Amino acid sequence: MNYSIVTALFCLICHSYNNSPFLAAAQKARSSSSSRLCGHEEVELTDENWRQTLSGKWMIKFYAPWCPACQSMDEDWVKLARKLRHHGYCVGSANVAENAGLSGRFLVTSLPTVYHAIDGKFRLYDGVRATDEFEKFIVESKWSDVEPVAWYLSPTSYHMATLGSFFTFSMFLKDVHVMLTDDFGLPNYLSYAMFAIVTILIGLIIGLVSDDDDDDDP
């Protein structure tokens, strides 16, 4: 099988989906309900409810409770939520420590990370993290000078959803490791050894299944 052809077809399908009129219509249909959900207060976004950001106008912050830089902009973010209500914006926050899937979908590599969004078009904000600067970015339409996130990095794309799933799975493995070492008292090396054995077994199973498929091919 030519995997380069499969990859190209996959990318073409994802690109067509993200630019389809059906997706645009669905986003517009969700617009009114989104504005009702956010109201005038900051919205806590999770792996379950983040899709409300695909409609309407948003400023979104990705943070972690242990991040000093995130803590320093908390007050500015609360003020922003109150100010932007006059401009029809929702202001949301996503805790990546509890929602690893979102950090994968949005490819969050540093904290805090701020996105501007209008009807599913996301733009990365890289300006000064202060209430007045955030407001200027909106009121003076500075966001229009920033290129939207490319379709292949869109959080709605299938491959970014897959990346989000990997992030979620990695957090699951971390929780299992903590359970084994803290709750059951296993030493770290024994926990790592168990993960290594499971990984090898999964690899062997996949290899055996692949060999069977190859043998069936004419």
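Hey, if you put +1 on the Cβ of every Lys and Arg and -1 on every Asp and Glu Cβ in region 163-216, which of Leu180, Thr199, Leu163 ends up farthest toward the positive end of that dipole?
Among Leu180, Thr199, Leu163, the one farthest towards the positive end of the dipole of region 163-216 is Leu180.
Per 0.36 nm of contour for each residue apart, how much would the distance between Tyr189 and His159 grow if the chain were fully extended, relative to their Cα-Cα spacing? Each step should come with its number before you reach the end.
Details: separation 30, 0.36 × 30 = 10.80 nm, distance 3.34 nm.
That works out to 7.5 nm of additional length.
Karplus couplings for region 161-173 from phi (6.51 cos²θ - 1.76 cosθ + 1.60, θ = phi - 60°), rounded to Hz, Gly and Pro as x?
3J(HN,Hα) across region 161-173, in whole Hz: 5, 5, 4, x, 5, 5, 4, 4, 5, 5, 5, 4, 4.
So what's Rg/Rh here for region 163-216, counting alpha carbon atoms and using the Kirkwood radius for Rh?
Working: Rg = 15.0 Å, Rh = 13.0 Å.
Rg/Rh: 1.16.
Given a Förster radius of 35 Å and the C-beta distance between Glu98 and Asp119 as r, what FRET efficiency does 1/(1 + (r/R0)^6) yield to the nearest 0.05? Don't skip to the end; give the middle numbers.
Working: r = 27 Å, r/R0 = 0.77.
Computed FRET efficiency for Glu98 and Asp119 comes out at 0.85.
Given points 7 Å out from each Cα along the Cα-Cβ axis, report the Val178 to Asp74 separation in nanometres with one decimal.
With each label placed 7 Å out from Cα toward Cβ, I get 1.9 nm.
How much length would be gained if the chain were fully extended between Thr46 and Leu204, taking 0.36 nm per residue of separation minus their Cα-Cα distance, in nm to one decimal? Working shown, then result.
Numbers: separation 158, 0.36 × 158 = 56.88 nm, distance 3.58 nm.
Extending this stretch completely gives an extra 53.3 nm.
When all alpha-carbon pairs of region 110-217 are counted, what percent fall beyond 16 Å? All intermediate terms of the calculation are to be shown ahead of the outcome.
Values: 4340 of 5778 pairs.
Every Cα pair in region 110-217 considered, those over 16 Å come to 75 percent.
Which of the lysines could a cross-linker span from Lys83 if the Cα-Cα distance has to be under 18 Å and same-chain partners fewer than 8 positions apart are dropped?
Reachable lysines: Lys57, Lys61, Lys136, Lys142.
For region 35-129, state the average projected area of the convex hull of the C-alpha atoms over all orientations, rounded to one decimal in nm².
Values: hull surface 22.1 nm².
Mean shadow area of the hull around the Cα atoms is 5.5 nm².
All of the numbers you see were taken from the coordinates with simple rules; none came from a lab. Values in this document were obtained by computation on a predicted structure and should not be read as measured data. Please note: Cβ atoms are built from the backbone with ideal geometry, for glycine as well, and neighbour counts cover all protein chains shown.
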